Amino acid sequence: REAGGVGPLVSLVREGTPYAAYALANLADGNAANRDAIREAGGVGPLVSLVREGTPEQREQAAWALGNLTNGNEANRDAIREAGGVGPLGTLVREGTLEQREQAAWALATLATGNAANQDAIREVGGMGPLVSLVREGTPKQREQAAWALGNLADGNAANRDAIREAGGVGPLVS
């Protein structure tokens with residue numbers, strides 16, 4: 001960040017350069033200042049585009065980066081929703097590879113943390129059913145991420161609690 005590396009990395013993400021999203025994911029991991037710097041450099045939109053249209057590896061890395069960007073950062077949670085990131089992440093949970101589903105569930109979990117607008121947006125794109133399916137049938141790590149996401153989606157949100165129940169989510173979460 002201090003060396004000015006965030007802007008060039010965001011440019012590489014825009015160009016679809018392999019591993020650029022991976023680099024941003026690692027920069028955002030556990031570093032609040034880097035999370036802000038990535039958003040301020042315009043990194044959210046290109047990462048959302050990669051989730052939507054990237055190669056399989058880029059989609060996984062971009063979902064991971066978006067999850068890391070939102071972890072503990074309300075401004076990034078809003079920015080990702082405003083950039084149209086909720087729908088592509090929901091699609092990735094439903095249709096992605098094993099790794100993509102895990103990273104997309106992580107991103108949805110962090111997006112939903114304490115953010116009513118994101119909680120509603122995830123419900124509105126049909127995110128509950130795929131997350132319940134991951135809790136029921138996913139790998140151990142997918143189950144963990146999906147359960148965390150469902151917990152965050154239910155927190156303080158009666159409509160989401162109803163949607164999780166209606167999607168058959170109570171049984172898998174209890175067992």
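The values are calculated or read from the model by the stated rules, or taken from the named source; none is laboratory data. Keep in mind that this is a model prediction, so the values were computed, not measured. Note that each Cβ is placed from the backbone with ideal geometry, even for glycine, and that neighbours are counted across all protein chains shown. Remember, those area values only see protein heavy atoms, side chains included, never the ligands or the DNA or RNA. Shrake-Rupley method; radii C 1.70, N 1.55, O 1.52, S 1.80 Å.
The accessible-area ordering, largest first, of the residues 131, 12 stands as 12, 131, per a 1.4 angstrom probe. Less than 14 Å Cβ to Cβ from residue 78, Lys/Arg counted +1 and Asp/Glu -1: what total charge do the surrounding residues give? With Lys, Arg at +1 and Asp, Glu at -1, the neighbours total -1. Per residue, the chain exposes 43 Å² of solvent-accessible protein surface, assessed with a 1.4 angstrom probe and all protein chains in place. Going by alpha carbons, how many degrees (0 to 90, nearest 10) lie between the helix axis of 56-70 and the longest principal axis of the chain? Approximately 90 degrees, to the nearest 10.
In degrees from 0 to 90, rounded to the nearest 10, what is the angle of the helix 128-137 Cα long axis to the longest principal axis of the chain? Computed tilt is about 80 degrees. Rounded to the nearest 20 debye, the dipole size of segment 1-140 about its Cα centre is 140 debye, using +1 on the Cβ of Lys and Arg and -1 on the Cβ of Asp and Glu. Against the empirical curve 2.2 N^0.38 Å, the C-alpha radius of gyration of the chain lands at a ratio of 0.97.
Relative contact order of the chain, taken over Cα pairs closer than 8 Å and 6 or more residues apart, is 17 percent.
Here segment 19-62 is treated with +1 on each Lys and Arg Cβ and -1 on each Asp and Glu Cβ, and its dipole about the Cα centre works out to around 80 debye.
In segment 16-175, taking the dipole from charged Cβ atoms about the Cα centre, the farthest positive-side position among 104, 169, 27 is held by 169.
Between the helical axis of 86-95 and the longest alpha-carbon principal axis of the chain there is an angle of about 70 degrees. For the chain, with all protein chains in place and a probe radius of 1.4 Å, 50% of the accessible heavy-atom surface sits on carbon or sulfur.
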